[in-house]
1. With the checklist (1) surrounded by 12 or more Cβ atoms within 10 Å (Cβ to Cβ); (2) closer than 30 Å to GLY156 by Cβ in hand, flag the one item PHE28 doesn't pass.
2. Within segment 292-332, can you find the residues that are more than 20 Å from ILE201 (Cβ to Cβ) and either outside the structural domain of GLY51 (by TED's automatic domain parsing) or among the basic types (Lys, Arg) (or both)?
3. I want to confirm something. Restricting to segment 169-190 and keeping residues that are part of a helix (DSSP H, G or I) and among the small types (Gly, Ala, Ser), which single residue is surrounded by the most Cβ atoms within 10 Å (Cβ to Cβ)?
4. Just the residues that are of a type in the set (A, V, I, L, M) and assigned to a helix (DSSP H, G or I), please, taken from segment 24-54.
5. Name the pairs: first residue in segment 144-155 and without any contact (Cβ under 8 Å) to a residue 60 or more places away in the chain and assigned by TED's automatic domain parsing to the domain that holds ALA107, second residue polar (S, T, N, Q) and surrounded by 15 or more Cβ atoms within 10 Å (Cβ to Cβ), Cβ to Cβ under 6 Å, at least 6 apart or on different chains?
6. Which residues, taken from segment 246-290, are among the charged types (D, E, K, R) and touching a Phe, Trp or Tyr at 6+ places or on another chain (Cβ under 9 Å)?
7. Show me the helices (runs of 4 or more DSSP H) entirely contained within segment 254-335 in which 2 or more residues are under 25 Å from the mean Cα position of the chain (by Cα) and at pLDDT below 95.
Amino acid sequence: MVAPPRDHDREEGTAVLDLAAAFTPVYFASMGAEHLWLKRTAAAGRPRSAGDYERRDTLASLSMGVGSLVVPVVLGKVLRPVTPGSGRWGKVLVGTVIGAAAATTVADVIARRDEVTEAGVVPEPAASGDEPVATVGRARRRRLARLARKVSSSAGVTAVAAGMTAGATTWASRTAAERFWERSGHRRDLGTGVLAHAVAILGWDFIYYWNHRTMHESRQMWAVHVVHHSSEHYNLSTALRQPVADSFGIVAPMGALSLLGVRPPLIETARAVNLIYQFWIHTETIPKLGWFEEVFNTASHHRVHHGSNRKYLDRNHGSILIIWDRLFGTFQREDDDEPVVYGLTKNIGTFNPVRIATHEHVDILRDVAGSTTWSDRLGFVFRGPGWAYQRHTSPDPALRPRDDGSTATALEEGHPAEPFAGVS
């Protein structure tokens with residue numbers, strides 16, 4: 001379940017935004033009913049399972065749900081002034097990216113030059129009692145190289161963090177539904193009838209599939225989405241464990257539906273329908289549903305999506321319809337002989353909402369800080385999460401990210417436990 005960013009600029013969108021909020025009593029009533037059912041069946045002898053409610057886990061999920069409503073609003077106000085192309089300080093952010101990238105590159109060159117020189121140095125004879133001239137020069141070069149590595153580490157993190165912020169804010173502002181609507185979408189206005197609603201909901205579902213799939217295939221996107229997969233339990237409260245930085249996790253813009261003539265408020269309606277539908281599929285209580293599962297996403301299909309079993313990794317990305325997964329090769333049916341194991345392939349072992357929300361971002365920046373080339377820095381950000389694991393566990397120390405240019409780092413908590421293209 002993913003909640004892509006909303007467009008709040010138009011007053012007329014407020015009413016449709018309340019559609020999802022209006023279901024809040026239904027969410028809590030459903031969780032209460034599920035909890036009572038699970039307690040009753042457990043009292044009747046049912047073995048405990050991952051579907052049972054655990055107080056700390058449930059509170060963490062509810063906290064993330066609240067955070068997903070509050071943090072984006074705060075972030076929007078904070079980032080608006082530094083958005084390139086529209087914000088007052090946008091050029092400063094771009095300048096920071098360029099300056100930090102240049103400093104990182106120069107520092108890399110200096111550090112690598114020392115490594116190359118070091119390999120071919122032969123100490124020169126010196127007067128009795130003195131150190132060889134080459135030894136003194138080598139010590140100076142080493143000090144300079146260590147300083148260069150420190151510069152490249154901090155400047156590299158600055159360049160990547162500022163670059164990701166600049167890219168995400170620019171993309172969000174340039175692909176807003178209102179912007180597309182005013183540019184050309186209004187000329188194809190589909191109105192508010194059945195056809196318009198069908199195009200909005202179906203179109204949202206299709207775009208959602210690709211955004212959701214990308215969230216499992218790019219580590220930067222996964223860092224946003226991992227929040228939703230971090231629970232080792234699976235019940236209706238899991239549906240509320242939402243990302244707080246979702247504006248950094250969109251590749252295919254939902255606003256593009258406006259180009260087809262879908263009014264921006266109708267896009268918000270499609271968003272609400274999407275979220276409401278996905279709530280009920282986060283449960284172990286509902287069994288397989290026969291023919292319904294051939295077309296629609298169900299609790300069974302979504303249990304697979306939340307599985308950390310190798311067989312279930314990166315499967316069933318659909319929202320309302322499961323046909324996209326069938327068409328594009330990511331469908332997996334739940335296997336009765338292989339129970340789903342929920343959570344991450346390497347669980348983070350915390351109920352702290354801040355840690356849940358930020359742990360993968362922290363790990364990415366740590367990896368960037370320890371990298372010595374741009375290919376590694378960008379790889380740790382944009383390549384698959386499994387690539388990071390392979391890089392960390394490479395038998396060649398030279399291929400591992402380093403803390404200070406000399407010591408290879410160990411596998412960080414929260415990274416995939418096995419080498420694969422993506423994660424659950």
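The values are calculated or read from the model by the stated rules, or taken from the named source; none is laboratory data. It should be emphasised that the depicted structure is a prediction, and the values quoted were computed from it without experimental measurement. Cβ: placed from backbone, ideal geometry, glycine included. Neighbour counts: every protein chain shown.
1. (2) is the only condition that PHE28 fails.
2. Across segment 292-332, the qualifying residues are ARG303, ARG310, LYS311, ARG315.
3. From segment 169-190, those part of a helix (DSSP H, G or I) are 169-174, 177-183, 185-188; that's our starting set.
After this cut, where a residue has to be among the small types (Gly, Ala, Ser) as well, the list is 172-173, 177, 185.
On the way: ALA172: 19, SER173: 17, ALA177: 27, GLY185: 23.
Once the filter is applied, the top-ranked residue is ALA177.
4. Kept after step one, since they are of a type in the set (A, V, I, L, M), are these residues of segment 24-54: 26, 29, 31, 33, 36, 38, 42-44, 50.
Matches in segment 24-54: VAL26, ALA29, MET31, ALA33, LEU36, LEU38, ALA42, ALA43.
5. ALA155/THR104
6. Quick first cut of segment 246-290, residues among the charged types (D, E, K, R) only: 246, 263, 268, 271, 284, 288.
The answer is ARG263, ARG271, GLU284.
7. Working: elements: 264-279, 299-305, 323-328.
The qualifying helices (runs of 4 or more DSSP H) are 264-279.
Yes or no, residue by residue, for (1) free of Cβ contacts under 8 Å to residues at least 60 places away in the same chain; (2) part of a helix (DSSP H, G or I):
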position: ARG56; (1), (2): no, yes
position: LEU69; (1), (2): yes, yes
position: PRO72; (1), (2): no, yes
position: LEU75; (1), (2): no, yes
position: GLY87; (1), (2): no, no
position: LEU93; (1), (2): no, yes
position: ALA107; (1), (2): yes, yes
